[in-house]
Amino acid sequence: MQAEQWGREAEEHAIAARSPYHLARMYQGRGNIARARRDEGGFTFFEKALQIARDKGYRLLEGETLLEYALLRSQSGETEEAQAYLECARDIFVELGTVHEQVRAEQALRDLTGGGELLVVAE
């Protein structure tokens, strides 16, 4: 509950600061909180983060959000969607040359295609 409250406060600060990057990052965080609570409604936060990242051209943030969003989709039993998000995230990471994130996405893909729910990918 405390994390959720902090997330709402962070949203207010990001809006007041007029920072689209921080607003998208905050939405990603709120999506992760929802995922941890097994609240499937968290997809709205990931969708908002993706919209901002794509509109503003924040490719790394888009890839990171897709990776985290895939965890929620997998948890909800939406394996095909999770796989598509992970593949897109991996492609972004390859494009950007962010090797660590690429490895995370590839490991998550292996976990997913091995059958079962994705585990939280360590950063």
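The values are calculated or read from the model by the stated rules, or taken from the named source; none is laboratory data. The structure presented is a predicted model; accordingly, all values stated were derived computationally and were not measured. For neighbour counting, all protein chains shown are included, and Cβ atoms are generated from backbone atoms with ideal geometry for every residue, glycine included.
Could you tell me how many of the residues in the range 70-87 are surrounded by fewer than 18 Cβ atoms within 10 Å (Cβ to Cβ) and under 16 Å from E47 (Cα atoms)?
Residues flagged as surrounded by fewer than 18 Cβ atoms within 10 Å (Cβ to Cβ) and under 16 Å from E47 (Cα atoms) within the range 70-87 amount to 4.
Considering only residues that are of a type in the set (G, A, S) and assigned to a helix (DSSP H, G or I), which ones fall in the range 70-85?
Within the range 70-85, the first condition is being of a type in the set (G, A, S), and the residues that meet it are 70, 74, 76-77, 82, 84.
Passing the criteria: A70, S74, A82, A84.
Among R59, R90, which is the only one that is at pLDDT 95 or above, in contact with a helix residue (DSSP H, G or I) (Cβ under 6 Å, 6 or more places away or on another chain) and surrounded by fewer than 16 Cβ atoms within 10 Å (Cβ to Cβ)?
The match here is R59.
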